[in-house]
Structures are given as C-alpha cells and as structure tokens.
Amino acid sequence: MALFGKKETAIDMTRLPRHIAIIMDGNGRWAKAKGLPRPAGHAAGAETFRTIATYCREVGIKYLTVYAFSTENWKRPLEEVSAIMGLLKKYLMEAIADMEKEKVRFVFFGDLSPLPEELRTLCEETQARSARYGQCQVNICLNYGGRDELVRAAKAFAADCARGKRRPEELSETLFSSYLWSHGVPDPDLVIRPGGEERISNFLLWQSAYAEYYFTDVNWPDFGREDLRKAIAAYQSRGRRFGGI
Ligand code: FPP
C-alpha cells in the first residue's frame, strides 16, 4: 500500500511478535520543539497510544504493554504529574466506553494506591470489567518500576514462606514470575523505545531478559503505524536464539 508516495514497510503477518512493550518517551521534547508546554506533549502522546493500541489490535498483536508513569516520575513538577493523571482518567473513560465493541482487556502493572482516588477506582473497575475479554490485552504500567516489582515479589514470596504456604526450596523462575504484576502474561518479544534514548529505565527488568530492543529517534507523539511496522520488520529480521546457537 502507498504511504505518501512511499511504499509501506512490509511485515510478515504470520510471524508477528506476540507481545510488544513500549517506553513512550519524547513527549516533553516534542512539545518543546513546537514551543508548547510539556503537558501538551503528553496529550499528543495519549493520542499516539490510541493509534498504536488500535493498530496492534487490528493486526493481531495479543499483548501490548506501555510505560505510562514510573515510580520515578513523581519527581516531576506537580502540574505535569496532574496533567498525566488527568489524561489517564480521560483515556480510561473513553476506553471503557469502547470496550464492549473492541473487547480489549486492560491490566495495570504497578502500585495504584498512591494515585488520586478517582483514577485508582477507574483503573480497578476497568481491569475488573474487562477481565472477561481476551483477544487483545493492554497492560498499562502506572506507578511502575522494575526493581520495585522485583522487591515486592521477593517480599510476597518471603511472607508466603513465613506463613507456611511456600517453602524456599520450591522457588523457581516460573514460581517467581507468578509473584510479578505481569503474572500470566508471556514475556515481551519486542521492546520499543522512541525518543532517541537507548536505555531500559527500570522497565520490565525481569520480563525482558530475552526481548529484542528497537530504538528510534522519532518522539512518541510522532510515532505512527509505519514506525511500528519498521520496528516489527527489524524484529523479524533478527535471529532469536534464547541463549542457544
Ligand atoms: C515520557 O516522555 C512520557 C511519560 C512520562 C508519560 C507518558 C504518558 C502518556 C503518553 C499519557 C497517557 C498515557 C496513556 C496510556 C493514555 P517524557 O516526558 O520523559 O519526554 P522527554 O524525555 O522528551 O522529556
């Protein structure tokens, strides 16, 4: 299909990644470059999220995980934190309205307890109400940190041992995984970071052990379907060996 006179990047629809995870970065720089306040970048980023989530559902990506707010993002100015929380609320309200027809399951990774009460309730209700859907699952990392997730899992396992529910010798990678926010979700195959930085920033540390990474200079608000196809094509061109030969 033509794309502004150029050819679309071809992807093999029979070898799509099952799970794509995205660090939605570059919103602030996108806004700055346009002389706009940073929250305007997040608003544009929320629109991009919709576009990309819709595309993933349409092509048949089973799991999409996005990093919406990290345990470190509380350090940002109150105005920016409030703007992000407001966008999440607005987006989730719209998502609930669409859920019936799109049949998307939403799951939140992260400790929701410090969030504004209205948002927390909305997240919990969205997760509970969409639990019956399974065609496509969108995981939203909110007040999420990879190290925090690992420490919480270790504490929960230790607590289960202390009350006799588990024994330390039982611990395996599979059992440990069941204590993570992501329990039941296959590991990401492809982790995408737009925005030009090439680091993990405490995202899915355990789960991305064998993920393929894709970095691009495109800022998240400008990231479109063609950018996603390029990322998928790059993923499909790599040989995944999982430690084998
Ligand atoms: C990183 O860009 C982005 C964030 C910390 C927030 C992402 C949040 C959204 C896109 C809003 C809503 C989300 C959903 C799921 C609807 P940055 O601010 O670090 O950008 P910079 O590195 O250019 O400053």
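The values are calculated or read from the model by the stated rules, or taken from the named source; none is laboratory data. Computed from a predicted model, the values in this text were never measured in an experiment. All Cβ positions, even for glycine, are placed from backbone atoms using ideal geometry, and neighbour counts span all protein chains on display.
Answer with yes or no whether ALA83 is over 15 Å from the mean Cα position of the chain (by Cα), within 9 Å of the ligand (Cβ to nearest atom) and farther than 21 Å from ASP227 by Cβ. Reasoning before the result, please.
Values: over 15 Å from the mean Cα position of the chain (by Cα): yes; within 9 Å of the ligand (Cβ to nearest atom): yes; farther than 21 Å from ASP227 by Cβ: yes.
Yes, satisfied.
Within region 30-67, how many residues turn out to be out of contact with any Cys (no Cβ under 6 Å at 6 or more places or on another chain), outside any helix (DSSP H, G or I) and not basic (Lys, Arg)?
The number of residues fulfilling the criteria is 8.
Looking at (1) loosely packed, with under 14 Cβ neighbours inside 10 Å; (2) within 22 Å of THR216 (Cα to Cα), which is the only condition SER113 fails?
(2)
Within region 25-39, count every residue that is crowded, with 18+ Cβ neighbours inside 10 Å and in contact with a Lys or Arg (Cβ under 8 Å, 6 or more places away or on another chain).
The total comes to 5.
Against the condition within 16 Å of the ligand (Cβ to nearest atom), in contact with a Pro (Cβ under 8 Å, 6 or more places away or on another chain) and modelled with pLDDT of 95 or more, how does ASP189 come out, does it pass?
Values: within 16 Å of the ligand (Cβ to nearest atom): no; in contact with a Pro (Cβ under 8 Å, 6 or more places away or on another chain): yes; modelled with pLDDT of 95 or more: yes.
No.
Within region 192-229, how many residues are farther than 26 Å from SER178 by Cα, away from the ligand (no atom under 16 Å from the Cβ) and in contact with a helix residue (DSSP H, G or I) (Cβ under 6 Å, 6 or more places away or on another chain)?
Residues flagged as farther than 26 Å from SER178 by Cα, away from the ligand (no atom under 16 Å from the Cβ) and in contact with a helix residue (DSSP H, G or I) (Cβ under 6 Å, 6 or more places away or on another chain) within region 192-229 amount to 2.
Determine which member of the set ALA31, ALA43, ALA2 is modelled with pLDDT under 95 and within 11 Å of the ligand (Cβ to nearest atom).
ALA43
Looking at SER178, SER201, SER208 in this structure, which one is surrounded by fewer than 16 Cβ atoms within 10 Å (Cβ to Cβ) and either in contact with a Pro (Cβ under 7 Å, 6 or more places away or on another chain) or without any contact (Cβ under 8 Å) to a residue 24 or more places away in the chain (or both)?
SER178
Where residues in region 70-80 are acidic (Asp, Glu) and more than 8 Å from the ligand (Cβ to nearest atom), which of them is nearest to the chain's Cα centre (by Cα)?
So, considering only residues that are acidic (Asp, Glu) and more than 8 Å from the ligand (Cβ to nearest atom), the one nearest to the chain's Cα centre (by Cα) is GLU72.
Please verify whether region 61-69 includes one or more residues that are more than 9 Å from the ligand (Cβ to nearest atom) and surrounded by fewer than 21 Cβ atoms within 10 Å (Cβ to Cβ).
yes
Does region 43-84 hold any residues that are of a type in the set (Gly, Ala, Ser) and under 18 Å from PRO221 (Cβ atoms), and which are they?
Residues satisfying the conditions are ALA43, ALA44, GLY45, ALA46, ALA53, ALA68, ALA83.
Here are ALA158, ALA153: which of them is assigned to a helix (DSSP H, G or I) and touching a helix residue (DSSP H, G or I) at 6+ places or on another chain (Cβ under 7 Å)?
Criteria check complete, one pass: ALA153.
Please go through region 14-29 and pick out each residue that is assigned to a helix (DSSP H, G or I) and either of a type outside the set (S, T, N, Q) or out of contact with any Phe, Trp or Tyr (no Cβ under 7 Å at 6 or more places or on another chain) (or both).
Once the filter is applied, which keeps residues that are assigned to a helix (DSSP H, G or I) and either of a type outside the set (S, T, N, Q) or out of contact with any Phe, Trp or Tyr (no Cβ under 7 Å at 6 or more places or on another chain) (or both), region 14-29 yields GLY28, ARG29.
Exactly one condition in (1) more than 16 Å from the ligand (Cβ to nearest atom); (2) outside any loop (DSSP other than H, G, I, E, B); (3) aliphatic (A, V, I, L, M) is false for VAL138; which is it?
Against the list (1) more than 16 Å from the ligand (Cβ to nearest atom); (2) outside any loop (DSSP other than H, G, I, E, B); (3) aliphatic (A, V, I, L, M), VAL138 comes up short only on (1).
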